[in-house]
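What follows is a set of notes on a single structure, which appears directly below.
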Amino acid sequence: MSLVVVGTVAFDAIQTPFGKTDKIIGGAATYSGTAASYFTKNVKLVSVVGDDFPASMIEQFRKSGMSTEGLQVKQGSKTFFWSGRYHEDMNTRDTLDTQLNVLLDFDPVIPDSYQDCEFLMLSNLMPQLQKKVIERMRTRPKLVVMDTMNFWMETQWDALMETIQLVDVLTVNDSEARLLTKEYSLVKAAQKILQMGPRYLIIKKGEHGALLFNKEQVFFAPALPLEDVFDPTGAGDTFAGGFIGHIAQTRDISFDNMKRAIIFGSAMASFCVEKFGLERMIGLTQAEIDERVQQFIDLVQFDIELV
Ligand code: AMP
């Protein structure tokens with residue numbers, strides 16, 4: 001039931017209405033891998049960092065149960081850097097800076113011990129690199145999930161379209177679904193995206209939950225109404241990590257199980273936003289996770305009798 005997670009491992013500088021950080025550890029694969037590691041101890045990371053990345057953090061990845069054999073450390077290069085500023089509503093943000101640095105000549109290597117994985121999470125990264133990872137798998141994983149973002153839609157459209165064609169599940173947020181399709185209605189946007197290749201689509205709507213589509217069905221999961229949202233960075237990646245983590249743990253790729261996976265993903269994302277960066281995502285207990293999932297169940301459970 002091994003799960004390969006590929007994506008950025010980064011330094012982030014974040015501004016929210018509650019404060020700002022200097023360079024802290026971030027990155028799509030960092031969040032996805034960490035979230036998934038609560039569900040399966042067979043998470044295998046593929047990424048690249050520069051020699052400025054702290055060895056203690058790589059050790060932390062290992063402590064969380066991730067294999068780092070596929071994490072390259074490039075001497076003389078700088079780690080990918082991203083900086084963003086959240087608006088007052090905490091749901092929207094502006095990217096202030098994206099420095100690809102070590103990503104520019106990243107050639108992902110899939111170690112032998114990662115081959116024949118059943119599940120592949122393509123967290124946010126250049127789409128042509130996501131594609132390369134699919135191509136470098138000796139056997140096609142049972143389920144390939146891909147996340148992407150507006151940055152790649154604006155700069156690498158063709159490569160993005162080629163990669164989207166190859167995956168089973170695509171996750172984007174609502175504004176990205178609209179950007180991909182030029183449709184305002186998310187239902188129409190979903191129909192168009194499902195024609196681009198993926199069999200399933202998840203549209204994340206921040207504090208308003210997430211929608212799961214296939215061609216015939218749709219499922220909606222709310223986000224937990226939280227008293228304090230401190231920093232939404234990584235929430236989407238954490239969501240995706242919880243989603244694929246649950247699927248890898250249960251090895252069930254049915255639509256019904258994806259519904260449960262969305263709840264687990266949402267529960268993990270609800271922790272992520274409570275503190276800056278990864279802070280809240282390290283050292284969670286099973287009891288804390290179970291309690292969050294129970295809150296989701298209670299939130300949406302009701303009896304109704306149609307006459
Ligand atoms: P999220 O808030 O889930 O969209 O993810 C935020 C994380 O994505 C941050 O930790 C960034 O380091 C990372 N990130 C930002 N821009 C990009 C990009 N263009 N490609 C890959 N990862 C990115």
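The values are calculated or read from the model by the stated rules, or taken from the named source; none is laboratory data. Keep in mind it's a predicted model, so treat the numbers as computed, not measured. Cβ placement follows ideal geometry from the backbone for every residue including glycine, while neighbour counts extend to all protein chains displayed. Calculation scope for accessible area: heavy atoms of the full protein, side chains included, ligands and nucleic acids excluded. Shrake-Rupley method; radii C 1.70, N 1.55, O 1.52, S 1.80 Å.
The sum of -39500 (n - 2.57) across all DSSP H runs of n ≥ 4, divided by the residue count of the chain, sets its helix-only mean residue ellipticity at 222 nm to -10500 deg cm²/dmol. Taking the inverse of the mean reciprocal distance over all distinct Cα pairs, the Kirkwood hydrodynamic radius of the chain comes to 19.2 Å. Heavy atoms of the protein chains alone define the surface here; on that basis segment 174-307 has 50 Å² accessible area per residue at 1.4 Å probe size.
With the convex hull drawn around the C-alpha atoms of segment 209-303, the volume per residue stands at 105 Å³. Below 8 Å, C-alpha to C-alpha, sequence gap of six or more: please give me the relative contact order for the chain in percent. Dividing the mean separation by the residue count of the chain yields 18 percent. Extension gain, residue 91-residue 275: 0.36 nm per intervening residue step, less the Cα-Cα distance, totals 64.7 nm. When peptides 227-240, 248-261 are ranked by their average number of other Cβ atoms within 10 Å per residue, the highest-first order is 227-240, 248-261. When 208, 246, 87 are compared by accessible area at a 1.4 angstrom probe, the order from most to least is 208, 87, 246. Carbon-plus-sulfur accessible fraction, segment 18-85 (probe radius 1.4 Å, protein heavy atoms only): 50%. Centre-to-centre, using Cα atoms only, segment 202-269 and segment 109-143 are separated by 22 Å. Going by accessible surface with a 1.4 Å probe and the largest first, 297, 202, 24, 134 read 297, 24, 134, 202. Straight-line cross-link partners of residue 44 among the lysines, defined as a Cα under 24 Å from its Cα and at least 8 positions apart when in the same chain: 63, 74, 78, 131, 132, 142. Protection proxy ranking, highest mean first, for peptides 160-171, 110-121: 160-171, 110-121, where packing is the per-residue count of other beta-carbon atoms within 10 Å, averaged.
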